[in-house]
Amino acid sequence: MKESPQDVVTAPYGTWSSPLSAAEVAAGAAPIFEAKFRGDHVYYSTKIPEENSRTGLVRTSLSHPGPGERILPDPFNIRSAVHEYGGGAWALDPDSEVVCFVNAADQRVWQIVPGRAPHPLTRDTSGLVRYGDLHMTPWGLLCVREDCRSTARERAIVLITRHGTTRVLSRQAHFMAWPRLSPDGRLLSFIGWEHPNMPWDATSLWVIDLHGANPGHVCAVLHGTDASLLQPEFTSATTLRLSSDHAGHWSLYSLDLAEALAPADGHRQEREFAASDLVPVLDTGAEIGGPLWQLGAQWHLGDGDEIWAHSQSDRAALVRVRTPAADAAGEGEAPADAGAPLTAIAAAGSIELHDIGRTHVLLTLKSPESSGALIAVDRVSGALREIAVERLDAHDEYYSRPHTRRLGGVPVVIHPPHNPRFVALDRERPPYVVVAHGGPTGQATADMSARMSYFASRGIGVMEVNYGGSTGFGRAWRERLRGRWGIVDVDDIVIAVRALVAEGLADPKRIAISGGSAGGWTALSALASSDVFACGTSYFGVTDLMRFLVDTHDFEKHYVDGLVGPWPDAAEELVARSPIHRTTEISVPVAVMQGDRDPIVPPNQAQQFVDMLRLSGVEYIYRLYKGESHGFVRTETIIDSLESEFGFYVDVFGIPRTRRHR
């Protein structure tokens, strides 16, 4: 070891000391989930690490943003459990100070006025009746209700009045999302889908006439047989704007419903639309849409003058297009023609749209230079105003700045080793952790990350791989995984790793693979299928597909049908590809991290897998965390799992602990 005159230390990769501790990674994380305008006020939901990581509600000001005030008292915790993943768990009443929210403990809808105590709006069912996708209308709170009081989940679109009475509007589909009422309250639109489809496979658009001659009549439907239809929004009493990927990637379209409301020969009939009836509104060449894992997601916002959209590929872009004014009859926004000015307002790693107000658009933005902030964008100038930040770190200079590229034709995000106080030994190549994202329809984006920088600042690089099946790259890339889960994902990752090594960017003998949930499955499958990894880590990963089919929840009950094949037709493949039956093919150490309250990948999968590792003579470490579900949230769990994972790599890579500079 030697020191230069600038006090920069030359030391082996993996031994670098860093002030970016696991405690800082855990305690500093306060992700912003949803945000909305109310006049000059900005409300946003965020995790409160010091209060058992509950999700609280904060109010601040658009004109004078600051720390804000917490609206929701402890122990209230905003979280919907619909589909287990939740989403859309609170809404503002535009005509009063009332905030409606779903409380995690009982899944009831509650009301609160800032400065007063919350009170329930729905009755207590011990959490067996859940609500999500909350959307406030002049007629009450519109939401998706999920009734779990019987073995068969029952879902409905319901309208809850300010007095707590509930009106069922539709039970048209097994799964439903994005309920919206037309401006005059006559039409209800929503997206629905059935098993075995997932919402990125095929969804249908339903339109219900609530006030016609036959109230509750289905007046229009657009079946997305080979298309995923997302986020329908009314732009007039008879016009919808929605996203569809029937042309190969998610783009915006308009649908005129007027014909569905006109009686044919005096008799009202259901009008069945086709994709050819969709009129193009905005196509960026990238994706204006994504996987609907959580309800309430938004990829486009607008009014009569302009559309704001989140366009995603390797990088995210916030784009604005001005639409021709609606005609005098008020038939809604017209599609932007080919010459309409499309303005790129901001580029980032990832974007989440939240709300559009009279003067600003509200969104969360992450980039290679920023780990996340709530931003208000001026609708005239495009200027960005920071409202709140997701992290309060004191060590930004230790964060790795990620970049995107293609390795062997596979999109990747690389977080290179970075520490301002250290440089590596001459000709030494760094160890790497290769991360398989979850989903498997997720996407790795070029966001500055405390978790990735925890490794990178200690001299271990991180590469995230957007293997076939990932979203953000069009329907064809996503469907490469159909029927080939555990094959295409593994092949793409191995191709990317070998390309990284061929360029001299990584030490081929010190490469680990890590993943959570579906990414855990891919990590374990890669350990069994290839020889490029020195070890691997699975966070609540799927290990046994047959067990998964029995134990998992309704939303993903048939997910594996498209990824591998349906039972019993694909029974042989379901068994053969499961990592629990391939432990004899694994010859390197494995780390397994699991929560004991996980309803999606129950802990019995992890326990039985490590039992098989032991019988096969495979070295492993196993951490079972009490009170944790599918995705760790408790500070102490994040600290222990992160430190355990890093220590695991140090031991396997042979990094001398005595030379680590703490």
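Computed values, structure above
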{"read-out": "Cα-based Kirkwood hydrodynamic radius, region 246-315, one decimal, Å", "value": "14.5"}
{"read-out": "Potential extension, residue 74-residue 607 segment - 0.36 nm per residue separation minus Cα distance", "value": "188.4 nm"}
{"read-out": "Solvent-accessible area per residue for the chain (1.4 angstrom probe, square angstrom)", "value": "38"}
{"read-out": "Separation in nanometres of the label points that stand 7 Å from Cα toward Cβ, at residue 161 and residue 394", "value": "5.6"}
{"read-out": "Using θ = phi - 60° and Karplus 6.51 cos²θ - 1.76 cosθ + 1.60, couplings along region 347-353 (whole Hz; Gly, Pro as x)", "value": "10, 7, x, 8, 9, 10, 7"}
{"read-out": "Exposure rank, largest accessible area first [403, 83, 163; 1.4 Å]", "value": "163, 403, 83"}
{"read-out": "Descending semi-axes in whole angstrom, ellipsoid equivalent of region 536-633, from the Cα gyration tensor", "value": "22, 19, 9"}
{"read-out": "Residues residue 17 and residue 588, FRET efficiency given R0 of 25 Å [Cβ-Cβ distance, rounded to 0.05]", "value": "0.35"}
{"read-out": "The chain: DSSP helices with Cα axial extent of at least 20 Å and average Kyte-Doolittle hydropathy no lower than 0.0", "value": "488-502, 635-653"}
{"read-out": "Centre separation in Å (Cα based) which lies between region 538-565 and region 183-252", "value": "28"}
{"read-out": "Theoretical gain in end-to-end length, residue 386 to residue 194 [0.36 nm per residue, Cα-Cα removed]", "value": "65.0 nm"}
{"read-out": "Heavy-atom accessible surface of region 172-297: percent carbon and sulfur, 1.4 Å", "value": "48"}
{"read-out": "In the chain, lysine pairs closer than 28 Å at Cα, eight or more apart or cross-chain", "value": "6"}
{"read-out": "Relative contact order of region 172-297, pairs being alpha-carbon contacts under 8 Å that are 6 or more residues apart, as %", "value": "21"}
{"read-out": "Percent breakdown of C-alpha pair distances by 10 Å bin, ordered from the shortest bin, for region 1-124", "value": "11, 35, 24, 10, 10, 7, 2"}
{"read-out": "Simple spin-label estimate for residue 211 and residue 149 in nanometres, 7 Å along Cα-Cβ", "value": "3.2"}
{"read-out": "Kirkwood-type radius of region 172-297, with distances r between different C-alpha atoms, in Å", "value": "14.6"}
{"read-out": "Rounded Å value of the spacing that divides the Cα centres of region 284-302 and region 505-537", "value": "31"}
{"read-out": "Centre separation in Å (Cα based) which lies between region 32-86 and region 109-174", "value": "20"}
{"read-out": "Projected label distance in nm at residue 52 and residue 624, using a 7 Å step from Cα toward the beta-carbon", "value": "2.2"}
{"read-out": "Antiparallel DSSP beta bridges within region 172-297, as percent of all bridges there, nearest 5", "value": "90"}
{"read-out": "Estimated [θ] at 222 nm from DSSP helical runs (n ≥ 4, -39500 (n - 2.57)) normalised by residues in the chain, nearest 500", "value": "-4000 deg cm²/dmol"}
{"read-out": "Alpha carbon convex hull of the chain, projected area averaged over orientations, nm²", "value": "30.2"}
{"read-out": "Ranked packing of 362-371, 620-629, 65-74, most packed first, by mean Cβ within 10 Å", "value": "362-371, 620-629, 65-74"}
{"read-out": "Point-charge dipole on Cβ atoms (K/R +1, D/E -1) for the chain, about Cα centre, debye to 20", "value": "1320"}
{"read-out": "Mean Cα-pair separation over length for the chain, i.e. relative contact order, pairs under 8 Å, 6 or more apart, %", "value": "11"}
{"read-out": "Within region 454-540, GluC sites (Glu not before Pro) in DSSP loop having at most 13 other beta-carbon neighbours inside 10 Å", "value": "503"}
{"read-out": "For region 426-571, fraction of C-alpha pairs farther apart than 19 Å, in %", "value": "53"}
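The values are calculated or read from the model by the stated rules, or taken from the named source; none is laboratory data. Small disclaimer: the values here were computed from a predicted structure and weren't measured. Quick reminder, even Gly has a Cβ in these numbers, built from the backbone with ideal geometry, and neighbours come from all protein chains shown. Ligands, DNA and RNA are excluded from the accessible area calculation, which covers all protein heavy atoms including side chains. Shrake-Rupley method; radii C 1.70, N 1.55, O 1.52, S 1.80 Å.
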